[in-house]
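Notes for the one structure printed next.
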Amino acid sequence: MRITMIGSGYVGLVSGACFADFGHDVICVDKDEGKIAALKAGRMPIYEPGLESLVATNVAAGRLTFTTDLAASVAGADAIFIAVGTPSRRGDGHADLSYVFAATEEIAAAVTGPTVVVTKSTVPVGTGDKVEAILREKRPEIDVAVVSNPEFLREGAAIGDFKRPDRIVIGTDDEAARKVMRGVYRPLYLNESPILFTGRRTSELIKYAANAFLATKITFINEIADLCEAVGANVQDVSRGIGLDNRIGAKFLHAGPGYGGSCFPKDTLALLKTAEDFESPVHIVEAVVKVNDSRKRAMGRKVLHALGDAPKGKTVALLGLTFKPNTDDMRDAPSIAIAQALSDAGVTVRAYDPEGMEAAERMMPELAFCKDAYEAATGADAVVIVTEWDAFRALDLPKLASIMAAPVLVDLRNVYRRDEVEGAGFAYTAVGR
Ligand code: NAD
């Protein structure tokens with residue numbers, strides 16, 4: 001089949017490369033000329049494990065191409081995916097749909113024959129109706145079905161997630177469009193990934209409900225972690241003790257500095273706005289957003305506390321800046337609020353991240369960026385593990401202690417064992433234990 005992917009970011013590029021790997025002919029489009037030039041030269045504009053070789057293989061096989069020319073790319077496509085960004089709208093937290101609608105207008109101007117337009121971007125309930133209305137108004141003579149097909153991949157594990165999803169959700173009542181979508185995903189359901197066909201609005205809401213539920217799980221265990229600290233219990237044992245119950249499940253029960261990233265913060269907010277618009281409040285999600293917001297800065301205070309009475313003038317090394325390991329994505333990372341809280345208290349912040357430094361330097365130019373964990377720790381009064389990259393799981397603790405001004409380790413991801421760290425002479429602070 002011929003697939004056009006509009007937007008070649010974390011979702012569009014991975015989805016496009018995976019579709020090509022299934023044997024489809026895929027054109028990935030982006031209006032960012034730098035991104036397309038890099039891709040044409042074989043360079044990845046993002047860090048995602050396995051992506052470079054997947055792209056190279058499929059480009060070499062002639063199934064994957066890149067362009068900035070949206071109009072030319074949609075001609076003759078069986079399915080046109082919209083995978084552009086839907087960030088929080090400045091000021092009110094609604095999803096900003098301007099990129100989705102701009103892409104729709106461009107599709108409407110260029111489409112040449114019957115096709116299926118698929119919103120892969122995370123979009124609020126009713127967006128598919130608006131996309132359809134634009135296409136109908138601009139091109140009433142062409143038969144275009146609009147389908148919702150939200151994406152559930154995780155950055156850092158995106159290719160595996162895309163190729164072996166827990167489920168594929170397809171929202172449309174149009175039988176011909178379902179047939180096209182079955183064709184698109186055929187290689188997957190042969191591997192037994194279930195396809196769930198729903199109405200379009202239901203499909204749109206499934207994505208937000210899924211993210212809000214996962215954000216709730218994280219926030220729940222974070223509050224239980226605070227309670228553990230207050231009562232002298234161990235949150236890791238609590239997580240295990242509840243997570244072994246199949247009704248609860250072990251995933252997303254790791255206490256930490258609060259959720260961040262390019263999806264949970266904006267998607268929980270957008271869900272609140274939808275709920276507000278439809279006068280059907282989601283109080284649990286409201287609480288989740290509020291608790292998570294205050295948590296990030298609270299983690300800054302936790303670090304200040306570990307520094308002792310007079311943190312001003314001290315130096316802290318942050319290890320890990322991205323919102324999770326194995327990505328270079330810095331959007332809404334907890335490290336940003338933590339670094340800000342530390343700077344506000346007069347603390348000098350040194351930092352290192354294996355892949356996120358370029359993006360982090362753009363967002364926080366005031367930090368001192370270092371070449372590895374040990375350079376960051378040199379002369380520091382505390383080292384803080386913010387993101388649990390593998391590179392920070394087996395630090396040489398005696399070496400670290402010897403180069404720091406004071407051996408203090410704040411482990412916001414509960415990577416280390418207390419006895420091991422204290423045995424190396426550190427004062428150790430963890431989360432919820
Ligand atoms: P991104 O910012 O990495 O990529 C979006 C790309 O779209 C950019 O490269 C941008 O230049 C391009 N673009 C915007 N308008 C365009 C246009 N008119 N024509 C061509 N290209 C255009 O965003 P992302 O992280 O890939 O997210 C995309 C969508 O997928 C969002 O709705 C997001 O919520 C959703 N999503 C993201 C993830 C994730 O982990 N990143 C997971 C699931 C769903």
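Coordinate-derived values only; no laboratory data. Not measured: the values here are computed from a predicted model. Every residue, glycine as well, gets a Cβ built from its backbone with ideal geometry; the counts of neighbours run over all protein chains shown.
Numbers at a glance
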| quantity | calculated |
| --- | --- |
| Rounded Å value of the spacing that divides the Cα centres of segment 370-433 and segment 118-174 | 44 Å |
| Nitroxide proxy distance, nm - points 7 Å out along Cα→Cβ at residue 133 and residue 417 | 6.1 nm |
| Rounded FRET efficiency, nearest 0.05, which uses the C-beta distance separating residue 366 from residue 92 and R0 of 30 Å | 0.55 |
| Calculated FRET value between residue 427 and residue 276, using beta carbons and R₀ = 35 Å, to 0.05 | 0.15 |
| Antiparallel DSSP beta bridges within the chain, percent to nearest 5 | 5 percent |
| Residues 18, 228 arranged by fewest to most Cβ contacts within 10 Å | 228, 18 |
| Residues 280, 193 arranged by fewest to most Cβ contacts within 10 Å | 280, 193 |
| Distance violations [Cα-Cα > 21 Å] among 120/266; 217/296; 273/302; 217/290; 207/266; 179/266 | 273/302; 179/266 |
| Fluctuation leader among 41, 341, 212 - the chain, Gaussian network, Cα springs under 10 angstrom | 41 |
| Full-stretch length increase - residue 40, residue 231 - with 0.36 nm per residue and alpha-carbon distance subtracted | 63.1 nm |
| Rounded to whole Hz, the Karplus (6.51, -1.76, 1.60) HN-Hα couplings of segment 409-426, x for glycine and proline | 10, 10, 10, 6, 10, 6, 7, 9, 8, 4, 4, 5, 6, 5, x, 8, x, 8 |
| Calculated FRET efficiency for the pair residue 202/residue 390, C-beta based, R₀ 51 Å, to 0.05 | 0.85 |
| Residue-averaged [θ]222 nm for the chain, counting only DSSP H segments that reach four residues, each worth -39500 (n - 2.57) | -14000 deg cm²/dmol |
| Span-rule helices in the chain, defined as complete DSSP H runs reaching 24 Å or more along the axis (Cα) with Kyte mean at least -1.0 | 200-231, 283-307 |
